[in-house]
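The values are calculated or read from the model by the stated rules, or taken from the named source; none is laboratory data. Predicted, not measured: the structure shown is a model, and the values here were computed from it. Cβ sites come from the backbone with ideal geometry, for glycine too, and all protein chains shown count toward neighbours.
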Amino acid sequence: MFEAVFFDFGGVILSSPFDAFARYEERNNLAVGTLRTINSRNPNSNAWARLERGQLSVDQFVTEFESEARELGYLVDGAQVLACLSGEIRPAMVEAVRRCQERIGTALLTNNFVATNPHWSSGGSFAALLPLFDVVIESSTAGCRKPEPRFYELALERMQVAPERVIFLDDLGINLKPARQLGMTTLKVEDPSVALQELETLLGFSLGES
């Protein structure tokens, strides 16, 4: 039935950045959820959105993000916030991608920014994962981002697959909704082990070490 699985990166293949955000907030005596509150204001046009579309440099982002935070009464260090995006690779999820690629198509759908690109293509810590994906869609080069419908359409076009034949994993419901509206089967990754069990059930083959 299914011909491809699309994977988010941060929060699926990589540990969730929201855990790192929470640690940053605790270290800096900020209320829980402060960073998400800043990012929820004008979510389609704020500094974070424009960074992920490749419309701002990192330095420009830092200036604008800190300004947006000040408007809401918060003092934050934009560079330190970006550093929270570095996380730990989840080996079980990587193995699942490997198993999927042996049988069907795999794609990586990630909202990222230009400064992270060397990690993907120049021997950085995540570069070894790229061959596991038949298609890679990065917001910083695509010029659009999740949850914009065009982002998912690009992945479908490049994979040459119908949405009804795709399973998409993401840790954010807001990113899953457009995929579901297009016809994809979606899985929200809260507990990675539970998500992998659900994915195994949908696919009908093992995703772990035998």
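Here are a few things to note about the model shown:
- Residue satisfying all of: in the range 1-34; among the aliphatic types (A, V, I, L, M) and over 17 Å from the mean Cα position of the chain (by Cα); nearest to residue 131 (Cα to Cα) among these: 4
- For residue 30, the test of being assigned to a helix (DSSP H, G or I) and surrounded by 14 or more Cβ atoms within 10 Å (Cβ to Cβ) is failed.
- Among all residues of the range 63-71, there is none that is touching a residue at least 60 places away in the same chain (Cβ under 8 Å) and buried (at least 17 other Cβ atoms within 10 Å of the Cβ).
- Against the conditions (1) in contact (Cβ under 8 Å) with a residue 12 or more places away in the chain; (2) in a loop (DSSP other than H, G, I, E, B); (3) hydroxyl-bearing (Ser, Thr, Tyr), residue 24 satisfies every one except (2).
- Every residue from the range 22-62 that is charged (D, E, K, R), touching a Gly at 6+ places or on another chain (Cβ under 9 Å) and within 18 Å of residue 142 (Cα to Cα): 53
- Entirely in the range 46-115, the helices (runs of 4 or more DSSP H) that have 2 or more residues that are within 16 Å of the chain's Cα centre (by Cα): 47-52, 78-83, 91-103
- Qualifying residue in the range 173-187 (condition: of a type in the set (Val, Ile, Thr), under 15 Å from the mean Cα position of the chain (by Cα) and at pLDDT 95 or above): yes
- Of the residues making up the range 183-210, those that are aliphatic (A, V, I, L, M) and within 13 Å of residue 4 (Cβ to Cβ) are 184, 199, 202, 203.
- Residue tally, condition among the hydrophobic types (A, V, I, L, M, F, W, C) and closer than 19 Å to residue 94 by Cα, over the range 151-171: 4
- Residue tally, condition more than 20 Å from residue 149 (Cα to Cα) and of a type outside the set (A, V, I, L, M, F, W, C), over the range 42-73: 11
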